[in-house]
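Asker: To start, I am sharing the structure in question, which I have written as structure tokens.
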Amino acid sequence: MFMVIGVAQEENSGMDLDPTREDAPGTPSNDPKSVNRARFELELEFVQALANPFYLHSLAQQNILEQPAFINFLAYLQYFKDKDYARFIQ
């Protein structure tokens, strides 16, 4: 649920985050359909997390909400406004 914060922590931990590795536990297969589904689920979870005021407050305190990369990512997530995708948001 805390994707933005979690990514920064994982990058600094020295962990190998290559999702194509066969020995990585819990990673999707190399099948494009599986990879796309995993990405969609991750993005959906993040969109739903944005409804949490405590999470938004945390992002604001870290000035993440003002970073151009984050703003671009939010613009990318606008596809969830389409009814075909909005139906998945809980």
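The values are calculated or read from the model by the stated rules, or taken from the named source; none is laboratory data. Just so it is clear, the model here is predicted, and its values are computed rather than measured. With ideal geometry, Cβ positions are generated from the backbone for all residues, glycine too; neighbour counts draw on all protein chains shown. Note: accessible area is taken over every heavy atom of the protein model, side chains too, but ligands, DNA and RNA are not part of it. Shrake-Rupley method; radii C 1.70, N 1.55, O 1.52, S 1.80 Å.
Asker: Restricting attention to the stretch 74-88, report how many residues are under 17 Å from the mean Cα position of the chain (by Cα) and open to solvent by 50 Å² or more (accessible area, probe 1.4 Å).
Answerer: Final tally of qualifying residues: 8.
Asker: Next question. Of the conditions (1) touching a residue at least 12 places away in the same chain (Cβ under 8 Å); (2) surrounded by 13 or more Cβ atoms within 10 Å (Cβ to Cβ), LEU42 satisfies every one except a single condition; which number is it?
Answerer: Here LEU42 meets the rest and fails (2).
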